[in-house]
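Asker: Here's a structure for you.
Since every read-out is calculated from the coordinates, none of them should be taken as a lab result. Being a predicted model, the structure only gives us computed values, none of them experimental. Neighbour counts run over all protein chains shown; Cβ positions are idealised from the backbone, glycine included.
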Amino acid sequence: MPRASTSDHWIWPGLAKWVGIYGAWVAVPTDTSHVLRAVDIMKGYSLSFWDSMIVALAEATQCRILLSEDIQHGQTIAGVRVEKSFPDHLTQR
């Protein structure tokens, strides 16, 4: 593991906080099979790797509806239907 330089010392307290927050949200341990599935989804649906990873993990956990503002809503990817997190009537001013 690379060591932090002295100029990077200021990021470590904040980094630990965010890693802890991330750990609280990650409910599915990931492995190589999830990463490879994400790459397949990325190629087949022109999604970013990270969006594909979310879909791959939703598929792995048998999630049928994924709420997202980043992935086009209304489509079904790998058996997972993508819906808007916030319907239009809630976001219009």
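Asker: Sorted by packing (mean other beta-carbon atoms within 10 Å per residue), highest first, where do 34-44, 66-76, 52-62 land?
Answerer: My ranking of the peptides, most packed first, is 52-62, 34-44, 66-76.
Asker: Follow-up question, since we're still on this one. Mind listing the long-range amide H neighbours of L66? Cut-off is under 5 Å, sequence gap 5 or more, other chains count too, H placed in the peptide plane at 1.01 Å from N.
Answerer: Hits under the 5 Å cutoff: R81, V82, E83.
Asker: Where does the charge balance sit around A38 when Lys and Arg score +1, Asp and Glu -1, over other residues with C-beta under 14 Å from its C-beta?
Answerer: -2
Asker: Can you give the Kirkwood hydrodynamic radius for segment 30-91, in Å, rounded to one decimal and based on Cα pairs?
Answerer: One over the average 1/r among Cα pairs gives 11.7 Å for segment 30-91.
Asker: Quick check for me: using +1 on Lys/Arg Cβ and -1 on Asp/Glu Cβ, what's the dipole size of segment 30-91 about its Cα centre, in debye to the nearest 20?
Answerer: Dipole size: approximately 160 debye.
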